[in-house]
Amino acid sequence: MLSIGVVGLGVMGQRMLARLAGHARLRVTRVWDENPEVLTQVLSHYPLLRAAANAEALIREPGLHGLYIATPPGPHIALSERAFDAGLAVLCEKPLTTDFAAGRACVERIERERLRAAVNYSLASSTGLAHLQLAFGAASRRPLGALNGVSIELRFAAWPRPWQSGAGAWLSQRGEGGFTREVLSHFLFVLQRVLGPAKVLRSEVVYPDDGIGSELSLEAELVAAGVPVTISAGVGGDRADDNRMLWQASEGEIELRDWFGVTQQRQGEQVQSLGDAETLRRNGMTDQLSHWAAMLEGRSHSLPGFAEALAVQQTIERLLARDN
Ligand SMILES: NC(=O)c1ccc[n+]([C@@H]2O[C@H](COP(=O)([O-])OP(=O)(O)OC[C@H]3O[C@@H](n4cnc5c(N)ncnc54)[C@H](O)[C@@H]3O)[C@@H](O)[C@H]2O)c1
C-alpha cells in the first residue's frame, strides 16, 4: 500500500477521494483543508480518514509516501516545495501556478534533486491522446497523412459548470480561475504533448466589465510544429460542458469529444468510434491511478511533470494576456 495525504478537500479533492476509495495500491491516510466545515463534512463521509492538525503536520506525518494537492492554484508551489523537503512524491492539480518565477525555481529543483512530481492532466492517460500520438506524434508513421490543422471548441451554458458550482469564488475570478485555465489547459496539454510548444499568434479575450470576473470568451490562433491551431471558447449554448478537439490531416481526422470520447475517420471511410466517452473516461481514470502508483514508486509513468505543466500554463497565460 502507498500512503497518500490530501490537502484541499473541495470539489476536486472530494472527487479524488471517491476515485481512490477501495483502490488496491493507493490509500489516503491523512487529509487537511483550511476550511473547518469542509474538513468536518469530509470526515463524516469517510470515518476511517484522519485529519492532520495543519498542512505542515500532514506533510511531516511518518509513513506517508506522497502528497496530493487539490487547493486552488495559489498554494500549489509552496505546498509542493514543503512536500519535497519531507521527501514526498507530489501529484499537484492543474493549473500548476501563475507565478512563473516560483514555478521555474521548483522545476529546476525537481530536475536537480531528481524528485518525483506530476500534475493532474487527466487526458494524459486517455485513449484519445494515445491515438493522437500514433497518428501525429514524433515517432508516428503518419497513418492519416500530414496534419493540416487543429481546432478546439469549448462552450459552457454557465461558468462555473454545475458540478463545480460549490467551488470557491476563485474559479469565476480572472486572477486564478476561468475556463481557459480550467478546461482549455487540458486540451493545450494534449496539443503540446503531441506537437511540442505552441506559439500564440493572436488572442482576443472578452472579460466582464466588473474588473473581477473571469473571461466570457476567447478566440485565438496559434501554431505548433508548423501546424495552425484555432481556438473558439466561451460561455453560451445550452450544454453544460461542450468540448471538441479536431485534428484534420490529409488522409483523415481524429476528434476528441466530451473529454474522453474519440472518433477517427479515414478518407472515404465511415466515422469509427474508438469507444464511448464514459467507458473511455473510466479506463483513463484507472490507468491514471496506476501511473500515479508508478510515480510514487519512482518507476516510469506517463503523467505530465512540472516542466510540461508549466509550459502549458505559459501558453495559457499568453492567451489570457489582453495585449496579444
Ligand atoms: N484535473 C481536473 O480534472 C480538475 C477538475 C477540477 C478542478 N481541478 C483543479 O483542482 C484544484 C481545486 O479545485 P476545486 O474545484 O476543488 O476548488 P474548490 O474551491 O472546490 O476547493 C478548494 C479547497 O481548497 C481549500 N484550500 C484553499 N487553500 C488551502 C490551503 N492553503 N491549505 C488547505 N486547504 C486549502 C479550500 O478551503 C477548498 O476547500 C484547482 O487547481 C482546480 O483547477 C482539476
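Can we say V150 is outside the structural domain of Q192 (by TED's automatic domain parsing) and surrounded by 15 or more Cβ atoms within 10 Å (Cβ to Cβ)?
Taking the combined requirement at face value, the residue does not satisfy it.
May I ask you to list the residues in the range 241-262 that are open to solvent by less than 40 Å² (accessible area, probe 1.4 Å) and in a strand (DSSP E or B)?
Correct list: D242, N243, M245, L246, W247, A249, G252, I254, E255, L256, G261, V262.
For residues that are open to solvent by 50 Å² or more (accessible area, probe 1.4 Å) and modelled with pLDDT under 95, scanning just the range 154-168, find the one that is nearest to V38 (Cα to Cα).
So, considering only residues that are open to solvent by 50 Å² or more (accessible area, probe 1.4 Å) and modelled with pLDDT under 95, the one nearest to V38 (Cα to Cα) is G166.
Return yes or no: is E56 at pLDDT 95 or above, loosely packed, with under 15 Cβ neighbours inside 10 Å and assigned to a loop (DSSP other than H, G, I, E, B)?
no
Could you check R50 against (1) touching a residue at least 40 places away in the same chain (Cβ under 8 Å); (2) more than 9 Å from the ligand (Cβ to nearest atom) and say which number it fails?
(1)
Return a yes/no flag: does the range 20-43 have any residue that is closer than 25 Å to A309 by Cα, assigned by TED's automatic domain parsing to the domain that holds L88, away from the ligand (no atom under 11 Å from the Cβ) and without any contact (Cβ under 8 Å) to a residue 12 or more places away in the chain.
Within the range 20-43, none of the residues are closer than 25 Å to A309 by Cα, assigned by TED's automatic domain parsing to the domain that holds L88, away from the ligand (no atom under 11 Å from the Cβ) and without any contact (Cβ under 8 Å) to a residue 12 or more places away in the chain.
Could you tell me which of the residues R112, R161 is farther than 25 Å from N243 by Cα and of a type in the set (K, R)?
R112
Tally the residues that are open to solvent by less than 60 Å² (accessible area, probe 1.4 Å) and not in a loop (DSSP other than H, G, I, E, B), restricting the search to the range 20-53.
12
Pick out the one residue from G284, G252, G305 that is out of contact with any helix residue (DSSP H, G or I) (no Cβ under 6 Å at 6 or more places or on another chain) and under 29 Å from V107 (Cβ atoms).
Residue meeting the stated conditions: G305.
Mind checking which strands (runs of 3 or more DSSP E) fall wholly inside the range 69-164 and carry at least 1 residues that are within 12 Å of the ligand (Cβ to nearest atom)?
89-93, 117-120
Looking at (1) at pLDDT 95 or above; (2) part of a loop (DSSP other than H, G, I, E, B); (3) more than 14 Å from the ligand (Cβ to nearest atom), which is the only condition G275 fails?
(1)
The values are calculated or read from the model by the stated rules, or taken from the named source; none is laboratory data. Quantities reported herein were computed from a predicted structural model and do not represent experimental measurements. When we count neighbours, we look across all protein chains shown, and the Cβ atoms used for this are built from the backbone with ideal geometry, even at glycine. Heads up: the accessible areas ignore ligands, DNA and RNA and are worked out on the full protein's heavy atoms, side chains in. Shrake-Rupley method; radii C 1.70, N 1.55, O 1.52, S 1.80 Å.
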